[in-house]
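The values are calculated or read from the model by the stated rules, or taken from the named source; none is laboratory data. From a predicted model like this one, the values you see are computed outputs, not experimental measurements. Neighbour counts run over all protein chains shown; Cβ positions are idealised from the backbone, glycine included.
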Amino acid sequence: MSNSSVPSTSAADGDLVLRFWGVRGSTPVSGPQYAEFGGSTPCIEVDCGGRIFVVDAGTGIYNFGQNHRTDLPREIDLLFSHLHLDHTAGLPFFKPAVLDGERTINTWCGNLGGASAGPTLDRLFAPPLFPVTLDAFPCTFRHHGFEAGQTLVFGDGARVDTIPLNHPQGSVGYRFEHGGRRLCLISDIEHSDPWPDPDLARFVADSDLMVYDGMFTDGEYPTCRGWGHSTWQKGVELAKLAGVKALAIFHLHPAHSDAVLRDIEADLRAEMPTAFIARERQSIVVGARRRAMRRAGLRQAAAGEMRRRIRVA
């Protein structure tokens, strides 16, 4: 697993790449105390060998669009975890996509019992809450509904598995597989009791990377029970039970400054050395560390075989 704060423009054919464009939960924040981890609300780019998906349209989607001004695909698949404001408020600012009359944005929503996000977004982005409706933008919006738990199959043959999550009004977790690598995005979720949930553990089993809602610490959670979010400690429990290789804590509390998050990350890594706190603009090549270790092992084996041959000669 390798990570960088400077995202590349595209993934190699065999790579599964994740890029965080917004990692903060509930509301965007700004100021010097948020410089390291970032203040934009959820938006994740998933690049499967050049085939791009976008998960959620929080305020981070603005920077996603700016980074890809010249290389956005003509059809964009935007997968919503759910439709709360921190996951939708950035949609009209997804430039240049929304300003391009030749661009189509397909939205996918799975927490409304099969209904699409269209009617909800039309209510949200309309006067007096917003100055214009979505149909005022030059791009084309196509809204698709599904029920969480279904496997999404796209026109190009790409497949994405889904699972319902415990959150007010529901939420959807996503599983991406490409090049023998597995990535699971599990946000927004409130952990169950008992924990871990068996269905969720099966869903994320053997993932190379799981992104998990760790908005609270164990100490904060009791006063926020029922809000639909979890703790980094529960993320570690799930990861260890399910054989997850690496864990990224996501949906960060808006009151958690860089200093607080660095302290949390130290505690997190003490429990799981391959875990970390997600950072805005961070780029992850999923499974890269495991591939590097395997290549190193092959090189060592080859070197050992060569030494044996020399000794025999």
**Asked** Can you name the residue in the range 223-249 that is touching a strand residue (DSSP E or B) at 6+ places or on another chain (Cβ under 7 Å) and among the small types (Gly, Ala, Ser) and is also nearest to Gln169 (Cα to Cα) among such residues?
**Response** Ser230
**Request:** Name the single residue, out of those in the range 223-267 being part of a loop (DSSP other than H, G, I, E, B), of a type in the set (A, V, I, L, M) and within 19 Å of the chain's Cα centre (by Cα), that is farthest from Gly25 (Cα to Cα).
**Result:** Val244
**Request:** Report whether or not Ala246 is of a type in the set (A, V, I, L, M, F, W, C), closer than 25 Å to Phe64 by Cβ and touching a Phe, Trp or Tyr at 6+ places or on another chain (Cβ under 6 Å).
**Result:** no
**Prompt:** Any idea how many residues of the range 195-217 are under 21 Å from His82 (Cβ atoms) and among the β-branched types (Val, Ile, Thr)?
**Reply:** 2
**Request:** Please list, ordered by first then second residue, the pairs with beta carbon atoms under 8 Å, 6 or more apart or interchain, first in the range 248-271 and free of Cβ contacts under 8 Å to residues at least 12 places away in the same chain, second in a strand (DSSP E or B) and not aromatic (Phe, Trp, Tyr).
**Result:** Arg269/Ala275
**Prompt:** When you look at Ala259, is it farther than 20 Å from Gln33 by Cα and small (Gly, Ala, Ser), yes or no?
**Reply:** no
**Request:** Kindly indicate the residue of the range 223-252 that is within 25 Å of Ser40 (Cα to Cα) and small (Gly, Ala, Ser) and also surrounded by the fewest Cβ atoms within 10 Å (Cβ to Cβ) among those meeting that condition.
**Result:** Gly226
**Exclusive hit being modelled with pLDDT of 95 or more, more than 18 Å from Ser187 (Cα to Cα) and among the hydrophobic types (A, V, I, L, M, F, W, C), set Ala288, Ala275, Ala270** = Ala270
**Request:** Tell me which residues, restricted to the range 138-169, are surrounded by fewer than 20 Cβ atoms within 10 Å (Cβ to Cβ), small (Gly, Ala, Ser) and under 20 Å from Ala115 (Cβ atoms).
**Result:** Gly145, Gly149
**Message:** Within the range 174-222, take every residue that is touching a strand residue (DSSP E or B) at 6+ places or on another chain (Cβ under 7 Å) and hydroxyl-bearing (Ser, Thr, Tyr) and give me the one that is surrounded by the most Cβ atoms within 10 Å (Cβ to Cβ).
**Reply:** Ser187
**Message:** For the range 101-116, which positions are out of contact with any Cys (no Cβ under 9 Å at 6 or more places or on another chain) and crowded, with 18+ Cβ neighbours inside 10 Å?
**Reply:** Thr107, Trp108, Cys109, Gly110, Asn111, Leu112
**Unique match (being closer than 18 Å to Gly22 by Cβ and touching a helix residue (DSSP H, G or I) at 6+ places or on another chain (Cβ under 8 Å)) among Leu112, Leu91, Leu79** = Leu91
